[in-house]
Amino acid sequence: MNQPTREMVEAMVNIATNGALDRIDQRGKRARELYRWGLHPHHAEAGSPLATDNASFEAAYPLALSGGVGVTEESLFPMMSAAENLNAAGLLIEQRSRNGNVHAMPVMQLCRSAMESSARTIWILGDPECEVRRDRALSVLVEQLEQQKRFLIIADASATSGPNQLPSNLVAMNRAHQQKQADLVKRLRDNYTVAKPESFSKTIGLVCGQLYCCGL
């Protein structure tokens, strides 16, 4: 008796799961389509609520050096990251037809990262009040700067000891950047009230609750 081919097995699994593999393939294709947006995202149009948020951020927090796009910058990057993760998941899904591997764990991890990132953007922009959106963007900015500060300290230790030491001129340049970054964090905390942003798990829960209430 001939052994069933991979295509036959996949067809049987698809029938048994009421078309689950077809749905996964369709979502993988849509995920790939997002990648083009991620490479060329749209910025705030003049007169839009997001443009108003940017102006409000600049007026309230000039020391943040946001260049007039503070809310855009903090909300755009997580969505670009989510699009990149979904594109990678879509690539793995496309490969199933060639290698028979569903790549379940990496696909789920990529989707989880995409959910966490996009939930952060939805959390920043999801409140109806401009001041809340503005302040949430500041909280995310400062949190990221704090994380960068810790990373720069670790990088400095690696650059000055061990097998990967850098030349003294590069160490001096990196330390000058590290000091400017630390000064910016201190200046923001000294002059503004900075709340701690919600955790990724909390923002996911809030966003999922909002979608449920909307019937999505």
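The values are calculated or read from the model by the stated rules, or taken from the named source; none is laboratory data. Small disclaimer: the values here were computed from a predicted structure and weren't measured. Cβ atoms come from the backbone with ideal geometry, glycine included; neighbour counts cover every protein chain shown.
Some points to look at:
- Condition check for D127 on (1) assigned to a helix (DSSP H, G or I); (2) surrounded by 13 or more Cβ atoms within 10 Å (Cβ to Cβ): one failure, at (1).
- Residue count for segment 126-143, restricted to those that are touching a residue at least 60 places away in the same chain (Cβ under 8 Å) and of a type outside the set (V, I, T): 10
- Any pair with Cβ under 7 angstrom, 6 or more apart, that starts in segment 189-204 at a residue that is over 11 Å from L138 (Cβ atoms) and touching a residue at least 60 places away in the same chain (Cβ under 8 Å) and ends at one that is surrounded by 14 or more Cβ atoms within 10 Å (Cβ to Cβ) and of a type in the set (D, E, K, R): F200/E116; F200/R120; T203/R120; I204/E116
- Residues of segment 50-92 satisfying the condition of being acidic (D, E) and surrounded by fewer than 22 Cβ atoms within 10 Å (Cβ to Cβ): E58, E73, E84
- Answer from E74, E94 - the residue that is in a helix (DSSP H, G or I) and either polar (S, T, N, Q) or more than 11 Å from the chain's Cα centre (by Cα) (or both): E94
- Members of segment 145-165 that are more than 28 Å from the chain's Cα centre (by Cα) and polar (S, T, N, Q): T160, S161, N164, Q165
- So A44, is it in contact with a Ser or Thr (Cβ under 7 Å, 6 or more places away or on another chain), crowded, with 17+ Cβ neighbours inside 10 Å and part of a loop (DSSP other than H, G, I, E, B): yes
- Filter pass, E84 being within 21 Å of P197 (Cβ to Cβ), in a helix (DSSP H, G or I), within 19 Å of the chain's Cα centre (by Cα) and touching a residue at least 40 places away in the same chain (Cβ under 8 Å): no
Condition check ((1) part of a helix (DSSP H, G or I); (2) surrounded by fewer than 15 Cβ atoms within 10 Å (Cβ to Cβ); (3) not charged (D, E, K, R)) across all residues:
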{"site": "S139", "(1), (2), (3)": "yes, no, yes"}
{"site": "F151", "(1), (2), (3)": "yes, yes, yes"}
{"site": "A159", "(1), (2), (3)": "yes, no, yes"}
{"site": "N174", "(1), (2), (3)": "yes, no, yes"}
{"site": "Q178", "(1), (2), (3)": "yes, no, yes"}
{"site": "L184", "(1), (2), (3)": "yes, no, yes"}
{"site": "K202", "(1), (2), (3)": "yes, yes, no"}
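- Residues (at pLDDT 85 or above and surrounded by 13 or more Cβ atoms within 10 Å (Cβ to Cβ)) located in segment 1-28: I24, D25, R27, G28
- Candidates E129, E33 - the one that is among the acidic types (D, E) and farther than 27 Å from V185 by Cβ: E33
- Total residues in segment 103-125 satisfying the condition of being within 16 Å of L91 (Cα to Cα) and touching a residue at least 12 places away in the same chain (Cβ under 8 Å): the figure is 6.
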